[in-house]
C-alpha cells in the first residue's frame, strides 16, 4: 500500500459506513426469510428491493474485505511473498463478487 | 528482501501470544479474526446466491446443509461475526472522530460490543430456527 495509505484508510471507512446499513438490511432479511423455501427466496431476491441491497452488500463487502486482508498480509507476510498473496486476495475478492452479482442478475432477469 | 528488513531494523507486528489479556486487546484481535472469517462468509454467501440462481435441484442440498446442526452452527458463527465486526467497527469510527479513546471508555465499549453481539446473534439465530 505504498503511497496510497490515506486513500486506502478513507476507502475502508467509507465502505464500512455503507456496510453498516447493508448488514442491518441483511440481518433483517435473514430473520424475515428464515426457513423459506427455494421459491420464496428467489422471489425475495428477484425484486429490486432484494437484489439491489444484496448486490451492494456483496460488491461493497468484497471491496472492504480485500483492503482488510491486504492489511493482514502487510502485517504478517514478509516482503518477498506479499505481492503474490495480494494478487490471490484480489482474485478471490473479484471472484466472489462476480459469482454473487452474476447469480443475482440471473435471479432478477 | 528479508535482509533489507534486518538492515533497516523494521519490526513485524507482534504476534497474538505475547499480549497480556485485556478486553480491549481481545476486541482488537476479534475484530481481525471476525474480519477474516467474514471473508470466507462473503464467499459462502456468493455460493448460496449462485445455488439459488441455479434452481431447486442445486439449492435443495445446500439449504438442507444450512438447516443441519453443523449448518446452524456455521450460520451462528457467521451472524455473530457480522454483528461483532459491525458493532466494533462503529467503535472504531467513533474513535476516528476523536472520541471515547480513553482507557476506561475503551474497556467499557469493548465489553459492550462482546455482550451486544452475542445477545443479538443468539436472538436472531434462535428466532430463525424456531420460525422453521
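Counting only residues that are more than 8 Å from chain B (Cβ to nearest Cβ) and touching a helix residue (DSSP H, G or I) at 6+ places or on another chain (Cβ under 8 Å), how many does segment A:1-23 have?
Of the residues in that region, 7 qualify.
Quick one: residue A:90 ticks every box in (1) part of a helix (DSSP H, G or I); (2) at the interface with chain B (Cβ under 7 Å from one of its Cβ atoms); (3) touching a helix residue (DSSP H, G or I) at 6+ places or on another chain (Cβ under 8 Å) bar one, so which box is it?
(2) is the only condition that residue A:90 fails.
When you scan segment A:39-54, how many residues do you find that are more than 9 Å from chain B (Cβ to nearest Cβ) and within 17 Å of the chain's Cα centre (by Cα)? Can you show your working first?
Within segment A:39-54, the subset more than 9 Å from chain B (Cβ to nearest Cβ) is A:40, A:43-44, A:46-53.
Filter once more, so that each one left must be within 17 Å of the chain's Cα centre (by Cα): A:50-53.
Within segment A:39-54, residues that are more than 9 Å from chain B (Cβ to nearest Cβ) and within 17 Å of the chain's Cα centre (by Cα) number 4.
Suppose we filter segment A:93-109 for residues that are modelled with pLDDT of 95 or more and more than 7 Å from chain B (Cβ to nearest Cβ); how many remain? So that I can check it myself, show each step before the final result.
Taking segment A:93-109 and keeping what is modelled with pLDDT of 95 or more, we get A:93-108.
Filter once more, keeping what is more than 7 Å from chain B (Cβ to nearest Cβ): A:93-95, A:97-98, A:101-102, A:105, A:108.
Number satisfying all stated conditions: 9.
Does segment B:48-59 hold any residues that are part of a helix (DSSP H, G or I) and either more than 7 Å from every other protein chain (Cβ to nearest Cβ) or touching a residue at least 12 places away in the same chain (Cβ under 8 Å) (or both), and which are they? Write out each step before concluding.
First, pick out the residues of segment B:48-59 that are part of a helix (DSSP H, G or I): B:48-54, B:56-59.
Matches in segment B:48-59: B:48, B:51, B:54, B:57, B:58.
Considering (1) surrounded by 12 or more Cβ atoms within 10 Å (Cβ to Cβ); (2) in contact with a helix residue (DSSP H, G or I) (Cβ under 9 Å, 6 or more places away or on another chain), say which one residue A:78 fails and leave the rest.
(1)
I need the full set of residues from segment A:69-87 which are more than 8 Å from every other protein chain (Cβ to nearest Cβ) and either on the phi > 0 side of the Ramachandran plot or not in a helix (DSSP H, G or I) (or both), in order please.
If we filter segment A:69-87 for residues that are more than 8 Å from every other protein chain (Cβ to nearest Cβ), which is where we start, we get A:70-71, A:73-74, A:77, A:81-87.
Correct list: A:77 only.
The conditions are (1) more than 10 Å from chain B (Cβ to nearest Cβ); (2) under 26 Å from residue A:30 (Cα atoms); (3) surrounded by 16 or more Cβ atoms within 10 Å (Cβ to Cβ), and residue A:57 fails exactly one of them. Which is it?
The single condition residue A:57 does not satisfy is (1).
Between A:97, A:62, A:36, A:108, which is touching a residue at least 40 places away in the same chain (Cβ under 8 Å) and either over 14 Å from residue B:36 (Cα atoms) or under 19 Å from the mean Cα position of the chain (by Cα) (or both)?
Values: A:97 fails: touching a residue at least 40 places away in the same chain (Cβ under 8 Å); A:62 fails: touching a residue at least 40 places away in the same chain (Cβ under 8 Å); A:36 fails: touching a residue at least 40 places away in the same chain (Cβ under 8 Å).
Result of the check over A:97, A:62, A:36, A:108: A:108.
Select from segment B:17-37 the residues that are loosely packed, with under 10 Cβ neighbours inside 10 Å and assigned to a helix (DSSP H, G or I) and list them in ascending order. Please lay out each step first, then the result.
Taking segment B:17-37 and keeping what is loosely packed, with under 10 Cβ neighbours inside 10 Å, we get B:17-18, B:20-21.
Answer for segment B:17-37, where residues must be loosely packed, with under 10 Cβ neighbours inside 10 Å and assigned to a helix (DSSP H, G or I): B:17, B:18.
The values are calculated or read from the model by the stated rules, or taken from the named source; none is laboratory data. Please read these numbers as outputs of a predicted model, since none were measured by experiment. Every residue, glycine among them, receives a Cβ derived from its backbone with ideal geometry; neighbour counts consider all protein chains shown.
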